Amino acid sequence: LSRPEPRPCVKGLRQSQKWSRLSGALKNKEAEILQTHTAVLFQAAVERAAELLRKGEVVALPTETVYGLAANAFDAGAVARIYEIKSRPAHNPIIVHVAGYEMVKKCVADWPRAASCLAESFWPGPLTLVLPRSDEIPDIVTAGGKTVGVRWPSHPFIQAVIRKCGFPLAAPSANPSNQVSSTNAQHVEKNLGDRIRLIVDGGQSQVGIESTVVDLTANPPQILRPGIIHHASLSAALEKCGKKIVEGPEMDDGPVRSPGRLLKHYAPKAKLLIWSWQDERDLQTQLEKLPAGRTHVIAHTVIPSGLQPATVSVIPHDMEAFARAIYAELHHCDDAGAERIIIEALPETDEWRAIADRLRRAAA
Ligand code: TXA
Ligand code: MG
């Protein structure tokens, strides 16, 4: 578990928390933020999160992909609060997070061999499987649909909370609907801190983009949302049970099957542009054609050094490191008041597909 920069703390209790405690009941003005970087803090945060979740509250928890906004998946009222907090459209179903096979089998009505094949290869981890739902899953979780997305996350904190609760957690990404996902506790605090009671700080999300979503109710199975576990890896795993997998439809025409596939999604406040440039001069020439406005360039291969009048940041040209860094960089640009963000175009390979997909939607 890697740690983010130390945060301002008052003997382990942040000022806002102290104030809230001193003034009686938590007022929901500012979220309580709990750290997890020692065994004692970790355990205390597990207890607190489980306590709130059992009462039907919504809490923000770390996962290895992005932070999640979690509630008891069996409690329709608690899940309704998630939609409210995120301003999430009612037609967008929520992924159910489990810890173990016994629990996942309570959530689904069928567990085909293909599910075992994929789960054995990639669980716990950044993969969501869409399967026929069980009767125990309330309608609100599936947005009224007949399927449910299930994932066994690998982050030790959310695993510990799920085990402590004994029920699965419905959790979308912890961000207002359609905005950039949160990859650390500060992102959650910035955007949702006044709407939830508790944010657990489990460090920087190690994957950094949302899970791969695979629909196993389709024949052949379809990738509804690309992720760090890409087509070639899924194919190799499914081969063992004689199945193939295909990329899902670019955009559904009829009822929305997976709104994460809608064109506009994951957007920062600034306008996002994806550009290629030969060298610094080429980039400078392109920049000069833009109207005035605060511009932020994110480069990874041809790194400019003296651009005018733009701010440049560099993130690694390594797919996994890029995925880990990109959302934090977009949050940073928004915080710095960027009006437009120019990202250097990505390699067009299967490996980079998930990141390219997110950026394309963010730029739409
Ligand atoms: O990595 C992740 O998946 C994160 C962490 C918190 O686990 N969660 C996440 O949730 O990204 P959310 O709600 O932001 O995105 C879930 C995506 C949406 O595009 C949703 O439409 C799709 O998964 N989805 C969920 N259940 C589905 C279902 N039954 N059928 C089709 N798509 C589904
Ligand atoms: Mg999301």
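The values are calculated or read from the model by the stated rules, or taken from the named source; none is laboratory data. Everything numeric here is computed off the predicted structure, so don't read it as measured data. With ideal geometry, Cβ positions are generated from the backbone for all residues, glycine too; neighbour counts draw on all protein chains shown. Accessible surface areas use protein heavy atoms only, side chains included; no ligands, DNA or RNA. Shrake-Rupley method; radii C 1.70, N 1.55, O 1.52, S 1.80 Å.
What the table below lists for this structure:
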item	result
Length released on extending from ARG54 to ILE274, taking residue separation times 0.36 nm less the Cα-Cα span	74.8 nm
Mean ellipticity per residue at 222 nm, deg cm²/dmol - from DSSP H runs of n ≥ 4 across the chain, formula -39500 (n - 2.57)	-9500 deg cm²/dmol
Globularity index of segment 90-146, i.e. its alpha-carbon radius of gyration over 2.2 N^0.38 Å	1.11
Label-to-label distance, nm, for residues given as ASP194 and TYR101 (7 Å Cα→Cβ offset)	4.8 nm
Three-way shape call for the chain based on the alpha-carbon gyration tensor, with the a/c threshold at 1.5	oblate
Of all accessible heavy-atom area on the chain, the percent that carbon and sulfur account for (1.4 Å)	52 percent
Zero-based 10 Å bins, Cα pair distances in segment 184-225, whole percents	24, 30, 23, 20, 2
Residue-span extension gain [THR311 to THR349] - 0.36 nm each, minus C-alpha spacing	10.9 nm
The chain - accessible surface per residue (Å², probe 1.4 Å)	43 Å²
Flagged links, alpha-carbon separation over 18 Å, of LYS86/LYS190; LYS269/LYS289; LYS105/LYS244; LYS190/LYS271; LYS29/LYS190; LYS29/LYS164	LYS269/LYS289; LYS105/LYS244; LYS190/LYS271; LYS29/LYS164
Added length on full extension, which subtracts the Cα-Cα distance from 0.36 nm per residue, ARG360 to GLN43	110.1 nm
Between segment 101-116 and segment 44-83, the alpha-carbon center distance in angstrom	22 Å
DSSP beta bridges in the chain [antiparallel fraction, %, rounded to 5]	35 percent
Estimated dipole of segment 127-247 in Debye, rounded to 20 [Cβ of Lys and Arg +1, of Asp and Glu -1, Cα centre]	180 debye
